[in-house]
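Reading through the structure tokens given below for one structure.
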Amino acid sequence: MKFSSPSLRGLSFESLERLSERDRKLLLIAAVALLLILVFAVILPLERAVGKERAKLAQKRADLAWMQGIDPGAIPPGPSDHGESLLVIIDRSAREASLAKAMSGSEPGSNGSLSVRLERAPFDRLIEWLNRLAIQNGVVVDSATIEKSGDPGAVNATIVLHAG
């Protein structure tokens, strides 16, 4: 026996009319099911993902605008904590900000700067710590390289600091 399948190229209203009522209903149900699968399995999840990414982008743009709006001269230099070295200030303040576990190393640099490496540090806590260092201790960020880590909300960072 040889079986042949109907070709979709030959599908027309006439061929639909030749189908039995049961086959037409089955074809209609299959078409509706295919449409529902397409909507609920592909289009809606894709729309949700795009919406989440747009919200993230808007937040990042707002953060960037806020950071660009800060005048570095507007931050008053704070007291130098009784002549403590930059290394002692960084170490103590990192412990106070609960960032000590994230600190993976530090290296003294030229002109009294200090390069600090943090791994899997919570981004918000890192920014608050840098702000507190600037306000309370007059520590200035010379440069910073911040990359996302594998953990949500956490970053790896290399920051060069010097006493202002």
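The values are calculated or read from the model by the stated rules, or taken from the named source; none is laboratory data. Computed from a prediction, not measured in an experiment: that's the story for all the values here. Glycine gets a Cβ as well: all are built from the backbone with ideal geometry, and neighbour counts include every protein chain shown. Keep in mind that these areas ignore ligands, DNA and RNA; they rest on the heavy atoms of the full protein, side chains included. Shrake-Rupley method; radii C 1.70, N 1.55, O 1.52, S 1.80 Å.
Taking amide H as placed 1.01 Å from N in the peptide plane, the amide H of GLY138 sits under 5 Å from that of GLY78, each at least 5 places away or on another chain. LYS25 contributes an accessible area of around 120 Å² to the protein surface, as traced by a 1.4 Å probe with all chains present. Note on the chain: helix-only mean residue ellipticity at 222 nm, from DSSP H runs of 4+ residues weighted -39500 (n - 2.57) and normalised by residue number, equals -15000 deg cm²/dmol. Computed from Cα atoms, the angle from the helix 21-38 axis to the main principal axis of the chain rounds to 10 degrees.
Computed from Cα positions, the angle between helix 123-137 and the longest principal axis of the chain comes to roughly 20 degrees. Across segment 146-153, rounded Karplus estimates of 3J(HN,Hα) from the backbone phi angles (6.51 cos²θ - 1.76 cosθ + 1.60, θ = phi - 60°) give 10, 10, 6, 9, x, 8, x, x Hz, Gly and Pro being marked x.
Any idea which of SER110, ASN156, ALA33 is furthest toward the positive side of the dipole for the chain, if Lys and Arg beta-carbons carry +1 and Asp and Glu beta-carbons -1? It is ALA33. Computed 3J(HN,Hα) for segment 86-102, one whole-Hz value per residue from the Karplus formula 6.51 cos²θ - 1.76 cosθ + 1.60 where θ = phi - 60°, is 4, 4, 5, 4, 5, 4, 5, 5, 5, 5, 5, 8, 6, 10, 4, 5, 7, glycine and proline marked x. Projecting the Cα atoms of LEU57, SER98, PHE123 onto the charge dipole of segment 23-164, computed from C-beta unit charges around the Cα centre, puts LEU57 farthest toward the positive end.
Given R₀ = 45 Å, FRET efficiency for TRP66-PHE13 by Cβ-Cβ distance, to 0.05? All intermediate terms of the calculation are to be shown ahead of the outcome.
Working: r = 61 Å, r/R0 = 1.37.
So the FRET efficiency works out to roughly 0.15.
Each residue was assigned an accessible area with a 1.4 Å probe, and for SER93 the value is about 10 Å². Between LEU87 and LEU27, the contour length at 0.36 nm per residue exceeds the Cα-Cα span by 14.1 nm.
Counted over all Cα-Cα pairs of the chain, pairs farther apart than 22 Å make up 62 percent.
Could you tally up the Lys pairs in the chain with alpha carbons closer than 21 Å? Skip any pair fewer than 8 positions apart unless they're on separate chains. Display every interim value, and only then the final one.
Working: LYS52/LYS60; LYS52/LYS148; LYS56/LYS148; LYS60/LYS148; LYS101/LYS148.
Lysine pairs meeting the criterion: 5.
Against the chain, whose longest principal axis comes from its Cα atoms, helix 44-69 is set at around 20 degrees.
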